[in-house]
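Undergrad: I have a structure here, written as structure tokens, and I will follow up with some questions on it.
The values are calculated or read from the model by the stated rules, or taken from the named source; none is laboratory data. Keep in mind the model is a prediction, meaning the values are calculated, not measured. Note that we place each Cβ from the backbone using ideal geometry, even for glycine, and neighbour counts take in every protein chain shown.
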Amino acid sequence: MPVPARTGPIPAPAPADDVARARRLLLGLFALAGITFSSWLARIPTVRSELGLSTAELGGVLLVGSVGALATVLAAGIVVQRFGSRASLVASTAVLAVGYVLMGVGPGVGSVLVLSVGVFLNGVAVALGNVPLNVESARIERAMGRTVIPQFHAAFSIGAVVGSGLGAAASHQGVSVPLQFTLVAAVAVVWRLASLRGVVLPPGAGELGSARRERVPGAPRARRLGSALDAWREPRTLLIGVVIMAAALSEGSANDWLSLAVVDGFDRPESTGGVVLGVFVAAMTAVRLLGTRLVDRFGRVAVLRSSGLVAIAGLLLFGFAPTFALAGVGVALWGFGAALAFPVGIAAASDDPLRAAGRVAVVSSFASVASIAAPPLLGLAAEHTGARHALTLIVVAMVASVSLARQVAPQVAPQVASGAPAGDRGDVQDVQDVQDAQDVQDASTDLDALARGPMLVDDVLLASGLVAAGAATGTPEPSRAA
């Protein structure tokens, strides 16, 4: 059934100057998120020392933050859809300020409880702020008519590097944790509040519908509030969540384990491990800055598949390379492959501006699950195989991502004008029902492919083992036919 013509006014696109301003401000907010994230992580050794925490106790404190983020992200979509991005950012800013100050006060007064409360609130603030930031990045991308979401995530990576440097400098200069965290909180509050006026595009800018246009006559209020939860019943959204989980697992595991894997796997000093991690971050940031043209030229599906294959090759090369130099090449390939998966997934979840907030919240929860589950699972594997070989387990997630790449194909969503008559709205719903049915069919096909994933993983790991053995003994790679 064809989509009915609009009968209501079509919202005018935002002026180019407003879109450019929103883009600049949002780039700054993503960079600020990176700064606050890494400024705290850079002082963890000091926090552990001042509180006398064991490794296990410190891990428990960090887990509290992940739990706070996961608990909040489930409701963040409802908050954004009900109150809007600006209100959500204000709320997350207030929570961030309190949490960050408490994270500094805890070590200062010797209280693990105060620190834990601060870490929990910080996780809540991050989750509540990430959903509107990602939703607004998608709106700006639609307004500009070209791929720009990866650039926002590149800004986060750059901010993380800056934040790590600031944390290291504060530690070197003897700046106390309470003072540093209080200053960071103050800067974050001023920076965010100063950006609010222009960072959120007005309703209708960059899209043909908005959450407010969903409020057509006769639409029950409970339905509007509940629509943010509908994404949990959408097969396409859930499978995009698996793609996001794989991306978060790949990037997060590198941040957590790569330096240690270099130190233990190649008997290198800690500084070398830091340099290798820098190679990964630099490779990922470069592709996020420059790779947007790839998405525009080849499309999301091709880019996601290619990225996954490059990441798989890099992971296996790092895990089984006989020399440190070759492993370094693998790290660079891993960074190249990890760069675009998360931004592509966010863009796919945001195709329909009416449902973007709920869908982004759902896929973000998959990333939160990865952040909770990955460290202990990889740690357990590292106890038996070593950190370097344990990281190759991420290949399983990357195979899943490649298998599900078709789910990120752009989805043209029917829009409902505020003045559309009831009959037209029914026709639009029929179109949406057809689209949902097609999503279910596609999801079923991809799940069949995903079920065959373990066989593919076995083949890849077998081939990589043969290649590693051949490299170690000087024998050529055996052919697949052999």
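Undergrad: Filter the range 49-83 down to the residues that are modelled with pLDDT of 85 or more and of a type in the set (D, E, K, R), then identify the one that is farthest from F152 (Cα to Cα).
TA: E50
Undergrad: How about the range 294-334: which of its residues are over 27 Å from S350 (Cβ atoms), in contact (Cβ under 8 Å) with a residue 24 or more places away in the chain and hydroxyl-bearing (S, T, Y)?
TA: None - no residue of the range 294-334 is over 27 Å from S350 (Cβ atoms), in contact (Cβ under 8 Å) with a residue 24 or more places away in the chain and hydroxyl-bearing (S, T, Y), so the list stays empty.
Undergrad: May I pose another question? Given the options A56, A22, name the one that is in a helix (DSSP H, G or I) and free of Cβ contacts under 8 Å to residues at least 40 places away in the same chain.
TA: A56
Here's the yes/no breakdown for (1) in the same structural domain as S137 (by TED's automatic domain parsing); (2) closer than 15 Å to A185 by Cα; (3) crowded, with 18+ Cβ neighbours inside 10 Å:
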{"residue": "G52", "(1), (2), (3)": "yes, no, no"}
{"residue": "T72", "(1), (2), (3)": "yes, no, yes"}
{"residue": "S85", "(1), (2), (3)": "yes, no, yes"}
{"residue": "S88", "(1), (2), (3)": "yes, no, yes"}
{"residue": "T93", "(1), (2), (3)": "yes, yes, yes"}
{"residue": "V98", "(1), (2), (3)": "yes, yes, no"}
{"residue": "V105", "(1), (2), (3)": "yes, yes, yes"}
{"residue": "V109", "(1), (2), (3)": "yes, no, no"}
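Undergrad: Those residues that are surrounded by 15 or more Cβ atoms within 10 Å (Cβ to Cβ), within 18 Å of I140 (Cβ to Cβ) and out of contact with any Ser or Thr (no Cβ under 7 Å at 6 or more places or on another chain), I need them from the range 175-197; list them, please.
TA: S195, L196 - these are the residues of the range 175-197 that are surrounded by 15 or more Cβ atoms within 10 Å (Cβ to Cβ), within 18 Å of I140 (Cβ to Cβ) and out of contact with any Ser or Thr (no Cβ under 7 Å at 6 or more places or on another chain).
Undergrad: Check A283, A254 and return the single one that is surrounded by fewer than 23 Cβ atoms within 10 Å (Cβ to Cβ), within 19 Å of A321 (Cβ to Cβ), in contact (Cβ under 8 Å) with a residue 12 or more places away in the chain and touching a helix residue (DSSP H, G or I) at 6+ places or on another chain (Cβ under 7 Å).
TA: Every option except A283 fails the conditions.
Undergrad: Would a scan of the range 421-442 turn up a residue that is assigned by TED's automatic domain parsing to the domain that holds V281, crowded, with 23+ Cβ neighbours inside 10 Å and either at pLDDT 85 or above or among the acidic types (D, E) (or both)? Step through it out loud before you land on a result.
TA: As a first pass, look at the range 421-442 and keep what is assigned by TED's automatic domain parsing to the domain that holds V281: 421-442.
When the remaining residues are screened for being crowded, with 23+ Cβ neighbours inside 10 Å, the result is none.
No, the range 421-442 contains no residue that is assigned by TED's automatic domain parsing to the domain that holds V281, crowded, with 23+ Cβ neighbours inside 10 Å and either at pLDDT 85 or above or among the acidic types (D, E) (or both).
Undergrad: Search the range 36-55 for residues being of a type outside the set (S, T, Y) and in contact with a Phe, Trp or Tyr (Cβ under 9 Å, 6 or more places away or on another chain), and hand back the single one that is nearest to A160 (Cα to Cα).
TA: Residues of the range 36-55 of a type outside the set (S, T, Y): 37, 40-45, 47-48, 50-53.
Pick out the ones that are also in contact with a Phe, Trp or Tyr (Cβ under 9 Å, 6 or more places away or on another chain) and you get 37, 40, 43, 47.
On the way: F37: 7, W40: 10, R43: 13, V47: 19 Å.
So the residue we want is F37.
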